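The values are calculated or read from the model by the stated rules, or taken from the named source; none is laboratory data. Bear in mind the structure is a predicted one, so any value in this text is a computation, not a measurement. A quick note on method: Cβ atoms are made from the backbone with ideal geometry, for glycine too, and the neighbour counts reach across all protein chains shown. These area figures cover heavy atoms from the full protein model, side chains too; ligands, DNA and RNA do not enter into them. Shrake-Rupley method; radii C 1.70, N 1.55, O 1.52, S 1.80 Å.
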Amino acid sequence: MGQQINRTWVRDLNGNVVTPDKADQTWFDRYAAAYGGKVANVNANDHTIARAFADQGRYLPGTAEFDREKDRLIGVQGLAGAGILSQTKMWHADGQYNLTPVLKAAGLNGTEILIGGNYRQFNLFTNGTLFDDTKGRILYHEFGAFVQASKTLLGDRLKLTASGRYDKNQNFAGYFTPRASAVFSATDRHHFRASYQSGFRNPTPSDQFIKLNVGPITILGGAPSNSAGMNVYENSYTAASVNKFGAAFGAEVGSVGPQQAVLNNKDKLQKSAVPYIAPERVNSFEIGYRAILTSNLSVDANYYYGVYNNFILNTVVLRPASPVLGADGKPNPAAAQDILNGRVQAFQLYTNAPDKVSAQGATLGLTYRTPGGYQLSGNGTWSAFDIRNADPNNVAAFNTPRLKTNVTLGHRNIAPNIGFNVAWHWQEGFNWVGSFNALIPGPVPSYHLLDAQVSYRLPAYKTTLKLGASNLTNKYVVQAYGSPAVGGLYYLSLTFN
C-alpha cells in the first residue's frame with residue numbers, strides 16, 4: 001500500500017504526474033537535479049531542500065487524495081495494489097466414544113476409557129495474492145487419534161488419568177503427545193492435583209505457504225513444496241554476513257580497488273543453513289490445591305512450569321545469481337560480486353529457532369458465599385518468562401502481563417427469578433514485542449475494566465433473558481502494541497433450555 005501510494009503523485013521536472021512504473025526513477029531524478037544545482041531557485045548540495053523538492057505533491061495521510069488512492073488500491077490485487085483475495089476453506093470432523101459402559105458391564109468398575117479422533121482438510125486459494133496458487137488450489141490434510149484411560153483407587157480418593165495422542169499433518173512428521181494427571185482427595189474438603197502435558201502447534205497455512213513478493217523482499221513460507229525450484233534454501237547467504245561483507249568491502253575498496261576488496265572480504269559471507277519449518281513443542285507440569293476452608297470460604301491455588309522449543313520465526317537470507325560456494329567450498333567471488341551489482345534477491349523465510357525457553361506462573365483464588373446467597377470471588381495471577389541462554393531474536397515474545405487480578409460479586413436469585421453478576425478486571429502494564437514494531441518493545445499500559453450482567457428467568461418458558469456489558473464504562477483500552485483501542489460491548493441474549 002505504501003509503495004503504491006508513493007507512485008501515484010510523483011511529478012517530472014516539468015511538473016507533470018508520471019505513470020506508476022516511472023515514479024521511482026523520476027523521484028530520484030528530481031532529487032538528484034535539485035541536489036546537483038540543476039533546478040532554478042533551489043539551493044544545491046542541501047539534502048533537506050532537495051528532498052522537499054522531490055516530495056512536492058506527495059499525498060499525506062488524512063487528506064482526501066491519500067484516502068482516495070488508499071481506497072482504490074485496496075481493490076487492486078497483486079503487486080499493482082494492496083488487495084488480498086481469500087477463498088480459503090477448512091473442513092473438520094471429529095468424534096469420540098466412551099467405552100466406560102462396556103467396561104462396567106464386564107465388571108471393571110472405576111475404570112474409564114475414551115477413544116477419539118479427528119480429520120481436517122485445508123483448501124487454500126488466494127489467486128496469487130498471498131500464496132502461489134494461480135494455477136489451482138493448495139490442498140493438504142491432517143488427522144489425529146487419542147486414547148484416554150482413568151482409574152479410581154483408594155476408595156475413590158485417588159484418580160489417575162493418562163492419555164496418548166498421535167497427530168500427523170501431511171507436510172510434517174507425526175507427533176505423539178502423552179499426558180498424565182493425578183487428583184488426590186485427602187478429605188472431602190482438601191483436594192490435590194498434579195499433571196504433566198506435552199503438546200505442539202502446527203505452523204499456520206500462511207507460515208507454510210505464503211509467497212508474497214513485496215518488491216525489496218519476498219516473504220516465503222517454510223513448507224518444502226513452497227520453495228521448490230527457487231534455490232533459496234540451497235543457495236543463499238545470511239543477511240548478517242552480507243552486511244559484514246558490505247561494510248568491510250566499503251572500508252577497503254578505496255585503497256585496494258574493487259576486485260581485491262572482494263577477494264579480501266568474501267570469506268565473511270556465510271552460507272545459510274535454514275531448516276524447513278516444523279511444529280513448535282511444549283512440555284509442561286502443573287500442581288494445584290483446592291480446599292473448602294469453612295462452610296462459606298474456599299480456596300484454589302495452582303502453579304505451572306513449561307518448556308518451549310522450536311519457536312516459529314522469520315529469518316532473512318539473500319540469494320545471489322551465482323552459486324554461493326565455489327569449487328573449493330568457500331564463498332564464491334562471483335556471488336560476492338552479484339551482491340555488489342544488485343544481482344541478488346532477499347527472502348524472509350519461515351523457520352524454527354533451536355533455542356529453548358521456559359514460562360511459569362501461579363494463581364490464587366478465594367471464594368466467599370454469604371448466608372444471604374451473595375458470592376464474592378477474587379483471584380490473582382502471576383506469570384513469568386525466562387529466555388535462559390536463548391537468542392532474544394529467536395524467541396517468540398511472551399506478550400503477557402506479569403500480574404492480573406479479578407474480583408466478582410454476584411447473586412443467583414437476589415429477587416424472584418432475578419440474578420446479577422459484576423466483575424472487575426485489572427492487569428499490569430507490559431512491553432509488547434512483535435513484527436509490527438520490528439521486535440522493539442512497545443508499551444501496553446495497565447488498565448482496569450468493569451463487566452456487569454443481569455439475568456431474568458422465565459421458568460414457564462424454560463428461558464433466561466440476560467442483559468449485560470463487557471467494559472461497562474466504555475473505557476477504551478489497547479491490549480497489544482499497535483492494535484486499535486477497543487471500548488465496551490453491550491449485549492442482550494435469550495437462552496432456551
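How big, in percent, is the set of alpha carbon pairs in the stretch 299-408 lying more than 21 Å apart? Result: 63 percent of Cα pairs exceed 21 Å.
Heavy atoms of the protein chains alone define the surface here; on that basis the stretch 85-142 has 63 Å² accessible area per residue at 1.4 Å probe size. Overall, the accessible surface of the stretch 146-233 at a probe of 1.4 angstrom is composed of carbon and sulfur to the extent of 62 percent. Over the stretch 387-497, Cα pairs under 8 Å with separation of 6+ residues give a relative contact order of 19 percent.
Averaged over its residues, the stretch 240-308 has an accessible area of 55 Å² per residue, based on protein heavy atoms and a 1.4 Å probe.
Run the simple label-point estimate for ASN43 and VAL477 please: 7 Å along Cα→C-beta, distance reported in nm. Going by the 7 Å Cα→Cβ label model, 5.2 nm.
For THR367, neighbours were defined as the other residues whose beta-carbon sits under 15 Å from its Cβ, and their charges (Lys and Arg +1, Asp and Glu -1) total +3. Seen from PRO320, the other residues with C-beta closer than 10 Å to its C-beta sum to a net charge of +1, counting Lys and Arg as +1 and Asp and Glu as -1.
The value of relative contact order for the stretch 202-256, using C-alpha pairs under 8 Å at least six residues apart, is 20 percent. The candidate values were (1) 23.7, 76; (2) 30.7, 101; (3) 25.5, 89; the one computed from these coordinates for Rg and Dmax of the Cα atoms in Å carries the label (2). Counted by Cβ distance under 14 Å from ASN413, the other residues give a net charge of +3, where Lys and Arg count +1 and Asp and Glu count -1. The calculated FRET efficiency for THR370 paired with GLU286, based on their beta-carbon distance and R0 = 45 Å, is about 0.90.
Among the trypsin sites (Lys or Arg not before Pro) found in the stretch 365-413, those both in a DSSP coil and sparsely packed, with 12 or fewer other Cβ atoms within 10 Å of their Cβ, are ARG388. The relative contact order of the chain, computed from alpha carbon pairs under 8 Å that lie at least 6 residues apart in sequence, is 7 percent. Using bins of 5 Å that start at zero, the share of Cα-Cα pairs per bin across the stretch 205-342 amounts to 2, 8, 14, 14, 12, 10, 8, 6, 5, 4, 4, 3, 3, 2, 2, 1, 0, 0, in whole %.
When you filter the trypsin sites (Lys or Arg not before Pro) in the stretch 158-230 for DSSP loop state and at most 13 other Cβ atoms inside 10 Å of their Cβ, you are left with ARG189.
Mean residue ellipticity, 222 nm, helices only, the chain: the sum of -39500 (n - 2.57) across DSSP H runs of n ≥ 4, divided by residue count and rounded to 500, is -5000 deg cm²/dmol.
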